[in-house]
Amino acid sequence: MPSAEVCAAAARIAHDVTHHGRSLEAAATVHLPNEHRRKSETREIAWGAIRWWFHYDRLLSNQLLHRPLRKRDRILRSLMICGLYQLDHLNEPDYAVTSGTVDAAVLLGAPKAKGLVNAVLRARLRDPGNRADDADPTTPTPSWLTELIRHDWPEDWRAVLSAFNQKPPMSLRVNTRQCSRDDYLRLLDSHGVRASACPLSPWGVTLKTPVNVQDLLGFENGMVSVQDTAAQMTPLLCTPVAGARVLDACAAPGGKTTHLLEQFPDLSSLTALDLPARCQAIEENLTRLGLSAKIMATDLLDGDAWWDKVPFDLILLDAPCSGTGVIRRHPDIRHHRQPRDIARYVERQQKMMRQLWGLLAPGGVLVYVTCSILRQENDEVVLDLCEHHADAQLRDLDLPGAIQTRCGAQFLPDKDKDGLFYASLHKEG
């Protein structure tokens, strides 16, 4: 059961996300305990608290707190939200959750607040109505984002917002250069690990219960990678011919780069490009999988500095975006994104598309991918390219489980997958 140390660490992580603008991963790097079990418990509580933050924040303001906390005591709000999340979602005795959360106030430097934290949690136990799982699924999502999603997906928006509030499954991609998916499933079964084949991806496996990646069978020797099933569609859109020059233009951390190399072993030239700070992850994934590619640490938009003037036959652009399709996996997105951010992403996406179109050989293909579900970042960016380049022709896409849009195929997030958009354009010539 979570100790006071675990509750305090989770509160520090949640506080850093909500009050200091850090990402969950960055905050976790600072505050996670070293011991494996405590680390796992802390992640569960911190990620859950951030996922349901807006719901519990309203509950505190409207029902459980009778006066606002002082500015210097704001970390106590994070602590109480961590405690409320545990009461609703963790299968732990109420007394243990209450005790651990109350004692954590001392570790956070607020021993005099133990009575307040105890009173809030006990009030919740006396009146457990308005549980998070029974709440309106729109409550944990900022209203401006809710309206954008409702506008773009009038028939699906409630299901999308509900999916945001769920824990994502742990999905794997089997490296079929080493073994078949059926063989890997049999390997898992022989070790007592429950898993199933993903119906969406021919390489996908979903674990019944997530495990630490370092404990994952075959991970260290490159037999399998961790990748959402909707993100495993790239090889279905990319079929490089013999001798083709291929560019993965925003390659980090290397999931799509390595997938292309796994599926097309005869590929002779693949360049993986990204900003310098992001390239180490590409190299690590290539090394683990026993694959090789040319890594370029540079800014894509500074083409004069890195392009050798030889056109590419296939370009993959997994563009930086709002991340609205992966909120269930990165719940801190709902805290960090602001309405003005969307236009900034769109502007950069348009610049990238136009830049890359000039590097594409006649007869070549550009595949555009985002982990966004907003049409501004998807169809409208593709349409912008087509309006500026008469030689850009949309290719028809038929991806299983995706919704056909004006310019491509959209996966919406649900219990099995993240939300990703795919489009493919052919350059006439």
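The values are calculated or read from the model by the stated rules, or taken from the named source; none is laboratory data. All values reported here derive from a predicted model rather than from experimental measurement. When we count neighbours, we look across all protein chains shown, and the Cβ atoms used for this are built from the backbone with ideal geometry, even at glycine.
Structural remarks
- In the range 291-307, the residue that is farthest from P253 (Cα to Cα) out of those that are surrounded by 14 or more Cβ atoms within 10 Å (Cβ to Cβ) and of a type in the set (G, A, S) is G303.
- Looking only at the range 308-337, and only at residues there that are without any contact (Cβ under 8 Å) to a residue 12 or more places away in the chain and surrounded by fewer than 19 Cβ atoms within 10 Å (Cβ to Cβ), the one that is farthest from H389 (Cα to Cα): D308
- Single residue of the range 125-163 satisfying the filter (among the charged types (D, E, K, R) and farther than 30 Å from D414 by Cβ) that is modelled with the highest pLDDT: R126
- Residues of the range 343-381 satisfying the condition of being part of a helix (DSSP H, G or I), under 23 Å from Q404 (Cβ atoms) and among the hydrophobic types (A, V, I, L, M, F, W, C): V346, M353, V381
- Scanning the range 398-413 for residues that are assigned to a loop (DSSP other than H, G, I, E, B) and modelled with pLDDT of 95 or more yields A402, T405, R406, C407, G408, F411, L412, P413.
- Residue that is surrounded by 14 or more Cβ atoms within 10 Å (Cβ to Cβ) and more than 19 Å from the chain's Cα centre (by Cα), where the choices are M233, M223: M223
- Residues of the range 230-248 satisfying the condition of being within 23 Å of L172 (Cα to Cα) and in contact with a helix residue (DSSP H, G or I) (Cβ under 9 Å, 6 or more places away or on another chain): A231, Q232, T234, P235, C238, D248
- Whenever a residue of the range 83-96 is under 15 Å from N118 (Cα atoms), its partners that are modelled with pLDDT under 90 and surrounded by 16 or more Cβ atoms within 10 Å (Cβ to Cβ), lying with C-beta atoms within less than 7 angstrom and at least six residues away or across chains, give the pairs Q86/P2.
Every residue, every condition in (1) more than 16 Å from N212 (Cα to Cα); (2) over 22 Å from the mean Cα position of the chain (by Cα), yes or no:
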site	(1), (2)
M1	yes, yes
V6	yes, yes
D16	yes, no
A28	no, no
H31	yes, no
K39	no, no
T42	no, no
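- Sole exception among (1) free of Cβ contacts under 8 Å to residues at least 60 places away in the same chain; (2) surrounded by fewer than 24 Cβ atoms within 10 Å (Cβ to Cβ); (3) closer than 24 Å to L301 by Cα for R406, by number: (3)
- Extreme residue, nearest to S225 (Cα to Cα), among residues of the range 267-289 that are at pLDDT below 95 and part of a loop (DSSP other than H, G, I, E, B): L267
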